[in-house]
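The values are calculated or read from the model by the stated rules, or taken from the named source; none is laboratory data. Small disclaimer: the values here were computed from a predicted structure and weren't measured. FYI the Cβ positions are ideal-geometry reconstructions off the backbone, even for glycines, and counts take in every protein chain you see. These accessible areas exclude ligands, DNA and RNA; they are computed on the full protein's heavy atoms, side chains included. Shrake-Rupley method; radii C 1.70, N 1.55, O 1.52, S 1.80 Å.
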Amino acid sequence: MPRQQAINSTAFKSMSALIGKGIHHAAMVSIRNPIEMVVAVLLLASFGYFTLYNVARTSDIFSGTSTRLYPTTVYAPAPTIHSASDYTFTLVNDEHQQQESPSLPTAAAAAAAAAKNALKIHLKQITVSDAERGVLNLNTLATILRFQQTVENNVHVPEESTAITAKFSYRNGLCYKLGNGACFVQSPLALWENNETVLSADEDIASTAANHAALIDAASVTLSYAVNATGSIRRELARQWTHKVENLPPAADIVSHADRNEGENLFAWLLIISRNVVFRLKELIDMADNVDIMVILAGYVMMIITFVSLFVNMRRMGSRYTLATAVSVNGLFSFILALLTVHALGVQPSPVVLAEAIPFLVVTIGFERPYKLTKRVLEYSKEAPLTRQDVRETIIRAVDSVALPIARDCVIEIMVLTLGAKSAIAGLREFCFLSAILLAYDAVFLFTWYTSVLALKLELTRIREISGSASSSSNNNNKKQTKPSNMSFIRRTVVKALSDDQNASPRDIQKSDAPFVGRLKLLMIVAFVAVHIFEFCTAFQSGPQVDVTQPSVAHVLNAILQQHKESGSHLPLIVEVFPPLLFHVRSPNKSLMPESITRPLEALSEIYAVFIQHPVISQWLTIGLVVSLFLNTYLFNVAKQSNKQTADPKYTSVSSSSSQPVTTTTATCPPSVTKKLPTPALSDTVRPVEECLTLVKTPEALNDEEVISLVQAGKMAPYALEKVLGDLERAVSVRRALISRASYTQTLEHSLLPLENYHYDKVLGACCENVIGYMPIPLGIAGPMNIDGINTHIPMATTEGCLVASTARGCKAINAGGGATTIVTADAMTRGPCLSFPNIIRAGECKRWIEQEGNAIITEAFNSTSRFARLRKLKVALAGRLVFVRFSTTTGDAMGMNMISKGCEKALGLLGEHFPDMQIISLSGNYCTDKKPAAINWIEGRGKSVVSEAVIPGAVVEKVLKTSVAALVELNINKNLIGSAMAGSVGGFNAHAANILTAIYLAAGQDPAQNVESSNCMTLMTAVNQGQDLHISCTMPSIEVGTVGGGTTLPPQQAVLDMLGVRGPHPTLPGDNARRLARIICASVMAGELSLCAALAAGHLVKAHMAHNRAAAAAAAPTPGSCIKS
């Protein structure tokens, strides 16, 4: 199980790395081709807009009518023998009934009570008209009859994407069946027996229709279908069937009203839209409760606040309108394409649902992601003058730093919204589905289109700085940044109440809108879901309903009611009457040209009319061409400028005239992430110590030589320079000069020891004191090696030549045999305090008490000090009147020395209450044993006890290792076992385990001094499979590692742990990351052991070191103070 969890964890991290790599490549393409990306997305969004525009033209909002009909529900109780005359339908939610008889139970209450057992029917009506000829002619009725047969037999549901494999049509599984098993259909064509032959034989169709005027009129034909909608599955099938019928492609001569292409004057069309929207809003507001209106109004207010917050935050970061507008356009493009996608997938959110959902969509999606990316880009752009930066590198660094957190949040939100999209709650389903698609598009555009906008923004800013026009604006920006917060008291109070940091200052509160917006987003989502789930209000969900008293509808309802009564059913009946679906008969084609030629020409003409001649679209195209022309002309003129302007005179180096300057040569390492305060241009004159003392509170007013004089005069502690100066890198530089001038050789100040561009903020108070620089060590990679089924690259920081290459050869041989297998046999860090008693009697009593009744008491006290430290074993030993207690403890993913020391103090305090005459000699009595060779670590184990093994085929031994199985087995026995025994070794039954272990320790941020006990290793080799293959194993009982704390907090070491997939604490199994690191180390040691023993057996060791470890030094010396060679 732990192995499977490790594989799952590694797979998850591999997937994260894959997503990060994909985002990196997408952003890189966008940054390299920003104009092309902007234009491509503009074109894509434009075509999406055009498509939605044509789809929206068929909506009733955009039509000449301003009234939309909603379904009407009627209810009839279960038929009885006494309900012959008064058995009829009652309107559900009949307001007239409630006003006349408020004491009587309403039909809605009765329907709700009987809903679980009622028979539910959806009455679907299709109205076909022929405005040119009327319907009372043979050709039209024959066309309608064929259309009727298509609707009843050839429209199949469900969709292909559903899990239901069966297909249903109206007559096959969807219809409400009569007592004789036939489907209920009310069609005027029944006058002709629904038969085209009988219809053709009727010589006077008008007379036949006149004799049945209640069924048919001269203007239209209405087909009525009763769909059985009992149960959620049937209800969904009924919805899909209706959608398919409404969107049937034009067949024969019947066309849906949704497919009409009528051209209108633009201004008349806009007037119709405006009128319909106003009428619709007034209609909905009149029918909604005050609570409903307040909920929707609150949503729109929060949406406006979200937009205002976006512009305020972007303005605060230095962009007045450009970036905020770009973010808004990014969201608009995402919304357009999301609408287009859900429309293509068959989900049709109504304008009413969109009106409710838009504010919640804006608040849910929010603008935190572009805000984070923009903030990170601008932060990195200020690390050095833009004129000296590569804009692409700056942006890609920012993208890499925020890509995974943003992607993770997007995936989580999309998964939650996808679950909501599976809901059967009307409105919530469409909202969640649209939100999930919108969020996906927003994330894609963020790292493509918006990243291109940021690249153009920075490039233009860089051009302005090169031309020298940005100096005054830079000073103004600095002044603005020093202004106190002008946030109002109300806003400050609200933001603080919704922020995570309760102790934040006003300026901090003003800078942190992310928690504020995050909390508001959560509140809005909860409110929206609650409104729909608990049906607290039904805003914008009611309106004019179908009039069931019309003869065409009432006649059908009476027929359904009569059939239900005659069927002998004892169930109540609920019928939901839907508005009719409108179709019309296509006008005959009078063109002299064949249809195969006219259709393509009509399609081309329509495209031209919509996308080129449309006045609004043509204006957008003109604006786009003008902007493109202006931008390309501007960039072309900039490119023609002289290269002399690329060097900014403000940043040229100036040599100091001081006799002993503090020189810090610019390194060629990556830009520093350590905060470096701006140092003003100060005079080289060193003022007296007394005058400098008055300026200690403002260290930026002191030059480096004056700080040195204060330290030399004893007025400032050299170890406190970081705290006093506030600039970590400057403090390291000053201390380095002090040490150099006080040393015998005085060479350190101008030496090759690098100083700049290091994470001193991570070092301070955690890893090192009195820092004067950092020591780069070459980092190599061996492998990959298959360790427990996972291909793992092995990082090794070393200065010993051939070590990485040798380990890599061992990895190759082990991989050829199927890889390495490891197990963790024990996990317990130890601490062994020394206690003293007056005599051996009291010492013996203490030992007995700890081992018996006191064991549980001490364990409970120890475990109370940490969430992760758990005491597993107590080993007590006496030496005279001294008592040594060895605490063995699991410590999660930390190496655990500090954690276990804290627990030991608590346990010893409790032990002292039972033995008042006890004296604590030392918290660590060398019974642990830490950083010293000791047999107890070899026998009992310390840290992680790991065993690894592998089987190497004999052919691989000969081909890769250049030796034989027998030679390796003999060498291992004579050297690693007998030779070590002759030397009296403890735990040293290996060739060079410390070599590989220490190299990995340095690379992964472990304590290198613990290699003393961690390198305890026994290497065994035996011949297996009848002496043909080699079995090798390494047993290491005391590997002391951790993945949190100590050196693992430094970014380079964290990068190595990230590569291994073990950085930080394990999210579900505390300690699993540290155990995985120990497994990797043990398997890597085995690879190094195998390769070195093979070299010794073949006599290749000296030759390899002479060839690879004695390379001639490079001719060119490195530049003083640099990290790499010049």
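Placing +1 at every Lys and Arg Cβ and -1 at every Asp and Glu Cβ, with all other atoms neutral, what dipole size does region 784-897 have around its Cα centre, in debye to the nearest 20?
About 300 debye.
Work out, step by step, the length gained on full extension between A713 and T90: first 0.36 nm times the residue separation, then minus their alpha carbon distance; give nm to one decimal.
Result for the pair: 214.2 nm of gain on full extension.
With 0.36 nm allotted per residue and the present C-alpha distance subtracted, the D1058-T825 stretch has 81.4 nm of extension available. Between L752 and I781, how high is the FRET efficiency from 1/(1 + (r/R0)^6) when r is the Cβ-Cβ distance and R₀ = 22 Å? Nearest 0.05. E between L752 and I781, to the nearest 0.05, is 0.30. Each residue was assigned an accessible area with a 1.4 Å probe, and for H914 the value is about 80 Å².
Accessible area per residue (1.4 Å probe, heavy atoms of protein chains only) ranks T88, T451, T1068 as T1068, T88, T451, with the largest value leading. Computed extension gain for R848 through A182, at 0.36 nm per residue and net of the alpha carbon distance, reaches 230.6 nm. Of the residues S569, S948, ranked by 1.4 Å probe accessible area with the largest first, the sequence reads S569, S948. Ranked from largest to smallest solvent-accessible area, with a 1.4 Å probe on the protein heavy atoms, W241, W938 come out as W938, W241. Over all other residues within a Cβ to Cβ distance under 13 Å of V883, the charged ones net out to +3, with Lys and Arg as +1 and Asp and Glu as -1. Spacing of the modelled spin labels on N195 and C768, each 7 Å from Cα toward Cβ, amounts to 10.1 nm. With a Förster radius of 41 Å applied to the C-beta separation of E970 and E800, the computed FRET efficiency comes to 0.95. Computed from the Cβ-Cβ distance with R0 of 41 Å, the FRET efficiency linking I939 to D761 stands at 0.45. The label-point distance for A40 and T150, in a model that sets each label 7 Å from Cα toward Cβ, rounds to 4.0 nm. The figure for T222 is an accessible area of roughly 40 square angstrom, using a 1.4 Å probe on the protein chains alone.
In this view, the solvent-accessible surface of R809, computed with a 1.4 Å probe and all protein chains in place, comes to about 60 Å². Quickly work out the E132-to-L910 label distance, labels modelled 7 Å from Cα along the C-beta direction, and quote it in nm with one decimal. Between L910 and E132, the simple spin-label model gives 9.6 nm.
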